[in-house]
Amino acid sequence: MIAPFDAGPDVVWGFADLHAHPAIEKAFNASLVWGSAVDPGPLDPNLLPPIAGCPVETHTLPGVGPIDRAIGAQVYPNVSEVAGFAHAPVGSDGLRPTSAWPNARDVVHQQMNVASIRRAYEGGLRLMFASTTDDQVISALLSGPNFVNAFAPKERADLDSARRQLAMIAQLAHDHAGWLGIARSPAEARALIRAGKLALVLSVEMNGLPEDGFAELRRDFGVQHAFPIHLVDNAIGGTAASSPLFNAASAAVSSLYRSDGRSMQYMDLEGTRDFPAPLGRPVTFATLDPPVYADLKDVPFGTWQQLCYEPLAACDGPDAGGPVGFTRFGQQNLRGLCRDRADCDAGTARVGAQRLQALFDDHWLVDLSHMSFRAAAQTLALRPGYPLMASHSDIAHLCRGAPTLPPCVDSTRAPLTERQLDSEQARALVRDDGVLGLGTGVGNFVTRARVVARGAPVLTLAPHAPSGCVQLGEGPGDCARAPDFARAPRSMELERLQVETHGALDLGGADARPYVRVELRDAVADDEFQHRVKLVPLHCEGGTCSAEVELGCKQGALAPPRALCSVVNADAAQCSTARYTVADVEDVTVQWLSLSGAGQCAAGFHDEGPRWVLDDAQVTAMGPAGAQPLVTLDGSPLATLAQADGALTLYQHDDRPDAAPGAPISGRLFVASLHSSPNGKGVLGASPQRFGANVCIALRTREGGTCRGPAALAEGENECVGDWVSLTQRGAWNHGGTLFTFLRHRGTEEEVCGLDVSVRDWLPGSDPLGIDSIRVAAVEDPVGHWVRRYAEVARHVAAGRMGVVAMGTDFNGLNGVTDISELPVPAAALLPQVCRADAGVQAVAPLRLRTSGEAPGAPVLIEERGLATYGLLQDFVSLVDAYPGCGHDVRNSLMLSAEATLRSWEIALDAGARGSFAPLPVGAFRCDGGAP
Amino acid sequence: MSGLLLLLAVVAAEPPPAPTQASSFDEKVLSDADQREAEMLGYLDGVGFLGRENEATVEVAYGSKQIATTRLELAHAFPISGKLLHVVARVGAGMATDFHALGLHGFTAALGLRHITGKGHFFVEVGARFLGGWQGIHGDRPEAQTLALGATLTSGAADDARWLPLRSSGLQLYVDFLSRSKPMGYDHSGFFVAGFHYGGQATVVPPAVSTWLGSEPQFVGNVFIEAFLSFATRQGTPVRLTTGAHVDLSLSSIWPSNVPFPVVLDLFFEWHPAWVSWLSLRAFGGLAVSLGAFGDKIGQGGLRLVATF
């Protein structure tokens, strides 16, 4: 066991997870997450009990009918795709790949079995904030037919769901009282931890509770920690604008929370440079034929226009059809602690502030995560000195306001959404003795593109021809060619871009026109968002369409408008002295634009509309130094743009292998992302009647100058064996869906030259699969990224103070957890992190699945499945400790996070406690070792 | 036409006798005319009528999914002395094959209470049906589910409890009604009756359906309705021909979202030979489809032989 850091007597040694959902199986009408946390067998922390076989199309047994299955067949794959994972048939009854569960990116199956919690406890977890969650829109969707006509938001829905989940957590604590206990005060928590137990703090993360809801839950269950705002705008204030899905959910329940009681009111946004622009045209709920299912469709153009989310002047009015330029700003929720725009504008809103003051008066632990920027700022200002918490967030604008020495490094490399806590707000929180939980979500790593191919589609596979490939350059096999995106140097100055395409174009009578859309990054800081957008119509004659996009001056930082639909362009005085360069080109896309009617300003068409078959396309960068091809694409045909497939991206900045200079990427771990055509049917996954097609992928590598594929899968082989990896795990791959998975390569990064795709076990007669984009990128070790990020936050937000940054895993939170580890846990590094007060230390062994027989079950390894189950936190901490440079500091700081959290709680109860604590150590947190 | 039949059946059907001091279930002495009617049309009333206490049913079917089904069911009616009531016990088993995945499925045993009115215009049988836990050969593979759905659609009755591979037993409650008119027509031309036969079953103890994904407790049930015309005599000669339409809808929750609610729509032609009064032969055929997959309808047909003695 690793010796505790000498931080002084009576200091709790163990880490805190500030956010997890052990009772998620009770949320969403007990219909969303499959698998129980409770297993009747003996508890062995080194053996993960399997979950029952997942029925796939339903997560409710006994089944309630085909409508239930029809809804499940739509909802579960869509939810799973949040983490780029298919909804795979998992469970214990054989005939299915065990690698599908557990997995860090599997958000609809249980991640926190009690045995798993026990293993995390053996690994040093001493304080867990056990939280409830729900969303009544998703719950209603899963609960039966005719959702659209029958849904009426209920004021107590979240409260009732919270009660069910809290009852389950209380039962868990009761059943495992030997090592678990619920703490209703920091003193109780300390006593539990001193007794060698895991202290649970009950927490509620609900979209909206009635006015007396928090008090009721404290009275009946002893809840201590609250999220005043979650995923929707509620009566207290505005949520972070970060998810189109939850914009729709916010609208669905708006009648409950707005002071004007209006329904279907979407978020009110204002312009900013501080965050990007994640919210596009909102969606609304519609019936699907037969009229028992719910579907999503775009809001009418008029509604979209009124929301003022973006300048739509390009498609508006008599000038439609000409070149347009506007500045694209980021989005943030206009709402702080107010109930609607009128409330906010009047500045007289008091309900949100009053309810928060009540929470402070009752010494609640109040969480800023999920709040809009304004709501978080106003909350911080309400009770200066009161310790708050941000339990599961990253930090936006890390280096703003940070001391200049040591130089601040922000590894995020791009502006983060409003969902992440602003660094100055984070510093204010820490100054008031609050604590932060660093999220461990999916996709938190830097990538370096290696092979990128796009088309509409780039590959078409069918049961009679189930295999295909893409590769860079020429080589054996009939592979689609992936272009070279790095032909023009990043530093090349630009005057204009020339776009030319060849192919047959048919307007089909629609009021539409082909455009090229160029998006450029303006002269703003790396963590700011301000893009110049140029929309230029293509002039088509014969089979050639072309346009020259004059880029003009490079805009400096502009004042973002409150109304995002304002057309803002820099005047001469606002130009920077530099020109746009190739490095500033974010995106070049050719697309249809519908100029009128229901689909106005949309690139796609639902009905028969224009059809554009592109054989090839070229973008040429032209500047003072001459002309260079930016990208040349040739597919013959390259794309057929029709119906829902109305746009083709020719170039993106992140397509370039030199887009992430200096990133700590070893070149041995790759991520492959594939996007299916929206016009197709995708791939049917498993059901009781079929195993489900298995989509296998493998890297192509250059050997002796030739790009070669892997050894082909044998005829009749339906599993992804050898060098092949399963992308879908036999789950459904929806049309227009993006899935990704990881692959390893033992050689150099430059040897990777393409990707093979092969669909196995495909039923004859199945619809063909179109794949519109394939991206293979070398990826930074996600665990290493988290360690470095922790160190950055500890240094630049907490001034190196240990313990202030805890974990905020959000296990079972439908987000996914750390995708994978590049490295295995070093031999002999898997050790218990804490000595228990009782007789013995549980022997630690690599985690395995429990089987019913004598043979050992499959290993559950973080380097294969990511942070797939709560028990792998033990492995995670061991990996952290082994990280070169800053690993020990990060691990020691984690081990003091329970102590720091308890101190924060004690100060919330009694401000006089501040100053009674010996300061926690300060660490250097220097991760100078780079990639291991 | 169906509306006319419905009207005729409603108008012409003789309701059960109004309760008097004696129960409506008490046996009564029929008049000669009523007795002749009962004997002329008793072939419609099945086991328990006119002292016929045994019934054996054999049926075979085949459809365009190239699935064949066969089923055997035996029944015995135990009379309750002095009552127009019988306790009926039934056992049955079936076999379905797609000529690749043979499955022996559908062991069922039922116990019910059957009441037939004195003249046989109406019967009702209610009871419980036990579904034997038998998953058959390859019951834990997708082919078994495909075969079960195909057998349901092919067999002429959307009673998927007969065909599903079951890992554990279940219990259904069932109800079966027949309601027919009094004879219509004339001595010189002939007599006929019109009527409806309808009912269904539903699980009260869900069986665990065997799938490759694991055992899934599921609701298993179906409802059916038949409308028929039966020609008893023609010009004084017994004819005993019945024709009609049968609609059968499965409500079972096991079927996936792309093929929900299997439904069978059949026409049938039934002959009850006068010279073998205890025999009935039905030929049926029609279409079967899942309501969510109209493009994938199948044609099916078969024969059912019922001996009631």
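Think of a 1.4 Å ball rolled over the protein heavy atoms: segment A:171-240 then has 30 Å² of accessible area per residue. Cα convex hull, segment A:134-283: 144 Å³ per residue, rounded to a whole number. Less than 5 angstrom separates the built amide H of residue A:48 from those of A:848, A:849, A:850, all sequence-distant by 5 or more or on a different chain.
Residues A:780, A:155 ordered from highest to lowest accessible area at a 1.4 Å probe: A:155, A:780. Equivalent-ellipsoid semi-axes for segment A:433-536 (Cα gyration tensor, √(5λ), whole Å, largest first): 33, 26, 19.
For segment A:340-404, the direction-averaged projected area of the alpha-carbon convex hull comes to 5.7 nm². By a 1.4 Å probe calculation restricted to protein chains, residue A:928 has an accessible surface near 120 Å², given to the nearest 10.
Counting each pair of different Cα atoms once, what's the Kirkwood radius of segment A:318-468 in Å, rounded to one decimal? Roughly 19.3 Å, rounded to one decimal. Considering protein heavy atoms only and a 1.4 Å probe radius, which residues within segment B:193-215 exhibit an accessible-area decrease of no less than 30 Å² in the full assembly relative to the chain by itself? Residues shielded by partner chains are B:212, B:213. Each Cα pair under 8 Å and six or more residues apart adds its separation to the average, and for segment B:223-297 the resulting relative contact order is 26 percent. Ordering B:298, A:87, A:356 by the projection of their Cα atoms onto the charge dipole of the protein assembly as shown, which places +1 on the Cβ of Lys and Arg and -1 on the Cβ of Asp and Glu, puts A:356 at the extreme positive end.
With only the Cα atoms considered, segment A:454-498 has a convex hull volume of 92 Å³ per residue.
Determine the share of segment A:779-926's accessible area contributed by carbon and sulfur atoms, expressed in whole percent, with a 1.4 angstrom probe. Please report the intermediate quantities before stating the final value.
Numbers: 2650 of 4580 Å².
With neighbouring chains kept in place, the figure for segment A:779-926 is 58 percent.
Taking all protein chains as present, what is the carbon and sulfur share of the accessible area of segment A:145-245, in % to the nearest whole number, probe 1.4 Å? Looking at segment A:145-245 in its full context, I get 53 percent from C and S.
Among the protein heavy atoms, those of residue A:883 account for about 20 Å² of accessible surface (1.4 Å probe, every chain in place).
More than 18 angstrom separation, counting every C-alpha pair in segment B:157-309; what % is that? Could you put the intermediate results ahead of the total?
Values: 7653 of 11628 pairs.
Every Cα pair in segment B:157-309 considered, those over 18 Å come to 66 percent.
Ranking request for peptides A:181-187, A:577-583, A:160-166: highest mean number of other beta-carbon atoms within 10 Å first, then the rest in descending order. Walk me through the numbers before you get to the answer.
Details: A:181-187: 19.6, A:577-583: 17.4, A:160-166: 21.4.
Ranked by mean Cβ neighbours within 10 Å, highest first: A:160-166, A:181-187, A:577-583.
Can you give the convex hull volume of the alpha carbon atoms of segment A:685-787 per residue, in Å³?
On the way: hull volume 14.5 nm³, N = 103.
Once divided by residue count, the hull of segment A:685-787 is 141 Å³.
Working from the Cα coordinates of segment B:25-90, the gyration tensor eigenvalues give, after taking √(5λ), semi-axes of 33, 16, 7 Å in decreasing order.
Within segment A:545-700, the ratio Rg/Rh, alpha carbon atoms throughout and Rh by Kirkwood, equals 1.03.
How do A:461-470, B:293-302 rank on mean C-beta neighbours within 10 Å, highest first? Each step should come with its number before you reach the end.
Numbers: A:461-470: 18.0, B:293-302: 15.2.
Highest-to-lowest ranking by the protection proxy: A:461-470, B:293-302.
Per-residue accessible area (protein heavy atoms, 1.4 Å probe) orders B:138, A:653 as B:138, A:653, starting from the largest.
What you get for chain A, charging only the Cβ of Lys and Arg (+1) and of Asp and Glu (-1), is a dipole of about 1500 debye around the Cα centre. Heavy-atom accessible area for residue B:309, with the other protein chains in place and a 1.4 Å probe, reaches approximately 120 Å².
Relative to the 2.2 N^0.38 Å rule of thumb, chain B has a C-alpha radius of gyration ratio of 1.02.
I'd like the orientation of helix B:32-41 relative to chain B: the angle between its Cα long axis and the longest Cα principal axis, in ° from 0 to 90, rounded to 10. Rounded to the nearest ten degrees, it is 30.
Taking 32 Å as the cut-off for C-alpha to C-alpha distance, list the pairs among A:154/A:197; A:154/A:297; B:65/B:119; A:297/A:534; A:154/A:681 that go past it.
Numbers: A:154/A:197 38 Å; A:154/A:297 24 Å; B:65/B:119 42 Å; A:297/A:534 27 Å; A:154/A:681 36 Å.
Result: A:154/A:197; B:65/B:119; A:154/A:681 exceed 32 Å.
Hydrodynamic estimate: the Kirkwood radius of the protein assembly as shown over Cα pairs, inserted into Stokes-Einstein at 25 °C and 0.890 mPa s, corresponds to D of 73 µm²/s. Between 0 and 90 degrees, the angle of helix B:2-12 with respect to the longest Cα principal axis of chain B falls at about 40 degrees. Solvent exposure of chain B, expressed per residue, is 42 Å² of accessible area, with all protein chains present and a 1.4 angstrom probe. Largest accessible area first, the listed residues A:500, A:586, A:750 line up as A:750, A:500, A:586 when surface is computed with a 1.4 Å probe on the assembled protein chains. Dipole check for segment B:65-218: with +1 at the C-beta of Lys and Arg, -1 at the C-beta of Asp and Glu, and the Cα centre as origin, the magnitude is about 420 Debye.
Can you pull the Rg over Rh of segment A:147-188, Cα-only, Kirkwood? Value, to two decimals: 1.26.
Give me the accessible area buried between chains B and A, both sides summed, with a 1.4 Å probe, in Å² rounded to the nearest 100.
Summing both sides, the interface buries roughly 2100 Å².
With viscosity 1.002 mPa s and temperature 20 °C, the Kirkwood radius over alpha carbon pairs of segment B:130-180 converts through Stokes-Einstein to a diffusion coefficient of 178 µm²/s.
The values are calculated or read from the model by the stated rules, or taken from the named source; none is laboratory data. Remember, predicted model here, so these are calculated numbers, not experimental data. Virtual Cβ from ideal backbone geometry, glycine too; neighbours counted across all protein chains shown. Only protein heavy atoms, including side chains, enter the accessible area calculation; ligands, DNA and RNA are left aside. Shrake-Rupley method; radii C 1.70, N 1.55, O 1.52, S 1.80 Å.
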